[in-house]
Amino acid sequence: MARLLAFLLALGFAWAQYDLVVYGATPQGVTAAVAAAQEGLKVLLLEPGRGVGGVLTQGWLATLDVAKDREGLLQGGLFREFYRRLGQDPSFDVRQAEEALWAMLREAGVEVRLEEPLDRLELAEGRLALLSTPQGAYQAPYFLDATDTAELAFRAGASFTLGREDTGLDGRSMAATLVFRLEGVPWGAVFLSLNYEGQVRRTGAGAWGRSGWGFGELVRGYSPSDPARYALRGLNLARQDDGSLLVNALLLFGVEGADPLSLERARAEAAQEALRVVAFLREKDPLVFGTARLSGVAPALYVRESRHLKALYRLRAEEVLLGRTFPDAVALGGYPLDGQAYYPGETPYLLGTPAPYGVPFRTLVPRELKNLLVVSQAAGFDSAAAFSARVAPCRWPWGRRRGWRPPFCARPRRRASSRRPWPTSTSWP
């Protein structure tokens with residue numbers, strides 16, 4: 001019976017609709033799909049939501065946490081291509097970012113289907129054989145989970161820790177953020193105010209290009225409607241093409257990042273808090289924010305942390321900080337170990353700036369599944385290591401300059417028997 005099941009499974013893979021199914025049109029999901037398609041594979045990208053770009057375009061996180069080395073930008077490959085399309089500015093217009101991602105998908109020939117949430121999975125002998133949504137069922141020899149919460153891998157039986165559970169402290173996750181949009185704020189006034197604050201008063205504030213950061217002293221006087229639920233940090237600003245500002249500053253504590261209903265409820269409640277924040281800014285600094293008005297909030301929360309995969313290998317904070325390299329490295333990181341607070345009043349964590357470090361392929365491989373990778377912030381990073389490894393540029397491992405091509409991108413596929421076997425735990429040091 002077991003041999004018959006194995007034969008039927010192999011036969012199903014030989015006639016599969018796609019070579020690779022990517023679940024989650026996050027930035028890393030888009031670039032993984034593009035990389036595979038560029039190598040000649042037939043790729044399907046499924047997204048449970050209504051657009052591509054994940055936290056960048058739906059969460060309005062419109063500033064990239066780039067890391068640089070002596071040669072310039074640390075990461076290469078498809079991240080560098082995306083960065084070029086955005087004008088090589090860390091802050092960007094969210095509509096332009098979504099258009100750039102769509103263009104990359106079209107050029108590579110990736111098939112994209114939106115609003116396709118998970119419905120049912122079929123597994124056999126430790127392999128994911130079938131992924132069903134309300135709109136259809138999809139087969140492939142390989143699957144890739146690019147969702148921020150690794151929902152596909154979780155539903156398929158992969159094991160995880162939650163939040164900072166691995167530290168032994170508690171299961172809390174870092175605060176989430178609701179990004180909101182301000183109109184009517186003169187960028188010239190913001191620019192002068194932040195650079196005066198940073199250069200003259202030496203607060204670390206500043207503004208350049210589309211980006212602004214600061215107003216830390218101003219926001220310290222903010223009293224949230226629920227101090228156990230909300231806090232206001234210094235403003236991170238990203239200027240949009242229409243002159244509006246996206247503001248990353250409103251923290252939400254106690255958010256259940258892996259529960260979509262809880263996230264939407266928290267987002268709706270935080271939208272009311274954003275109104276309170278704007279009223280506060282208008283009152284406390286009328287020269288800069290006196291004409292500000294709230295014109296919208298992000299369609300989704302910016303969730304920094306939820307699940308962490310129990311992978312074949314888990315990246316540790318000391319390996320990040322000391323710049324360790326690995327023989328199976330698939331990505332480079334270099335952003336500081338910068339962790340947000342876990343509860344109101346807690347000091348944010350800044351453990352240091354690492355030397356460039358490698359992210360092992362093994363951190364993407366669930367222990368329980370043979371043909372699925374996790375390529376999001378929910379990959380196999382300890383919670384402290386994720387302070388750095390969670391940032392978007394580090395989680396885009398697919399490229400030719402400094403990245404590594406995944407095993408299913410070894411060569412263009414010509415027939416079913418030419419597919420390269422998926423690595424197992426014994427394939428790696």
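Structure data summary
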read-out: Relative contact order of region 176-297, pairs being alpha-carbon contacts under 8 Å that are 6 or more residues apart, as %; value: 34
read-out: 3J(HN,Hα) from dihedral phi, region 178-192, Karplus parametrisation 6.51/-1.76/1.60, rounded to Hz, x for glycine, proline; value: 9, 7, 10, 10, 10, 10, x, 9, x, 5, x, 5, 4, 4, 5
read-out: Angstrom value of the Kirkwood radius, inverse mean 1/r, which spans all Cα pairs in region 93-172; value: 15.5
read-out: Aspartates and glutamates with Cα under 13 Å of residue 310, excluding same-chain neighbours fewer than 8 positions away; value: 165, 166, 368, 382
read-out: Amide H within-cut-off set for residue 130, under 5 Å, with H built and near neighbours excluded; value: 122
read-out: Partner aspartates and glutamates for residue 284 [C-alpha distance under 15 Å; skip if fewer than 8 residues away on the same chain]; value: 217
read-out: Inter-part distance where region 166-185 and region 280-327 are each reduced to a Cα centre, Å; value: 6
read-out: Within region 49-138, trypsin sites (Lys or Arg not before Pro) in DSSP loop having at most 14 other beta-carbon neighbours inside 10 Å; value: 50, 70
read-out: P(r) histogram, all alpha-carbon pairs of the chain included - 10 Å bins from 0, percent; value: 4, 22, 32, 25, 12, 4, 1, 0
read-out: CD proxy at 222 nm, helix term only [per DSSP H run n ≥ 4: -39500 (n - 2.57); per residue of the chain; nearest 500]; value: -7500 deg cm²/dmol
read-out: DSSP beta bridges in the chain [antiparallel fraction, %, rounded to 5]; value: 75
read-out: Relative contact order for the chain, counting Cα pairs under 8 Å that sit 6 or more residues apart, in percent; value: 21
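Read the figures in this text as sums done on the coordinates, not as results from a lab. Because the structure is predicted, anything quoted here is derived from the model rather than measured. Cβ sites come from the backbone with ideal geometry, for glycine too, and all protein chains shown count toward neighbours.
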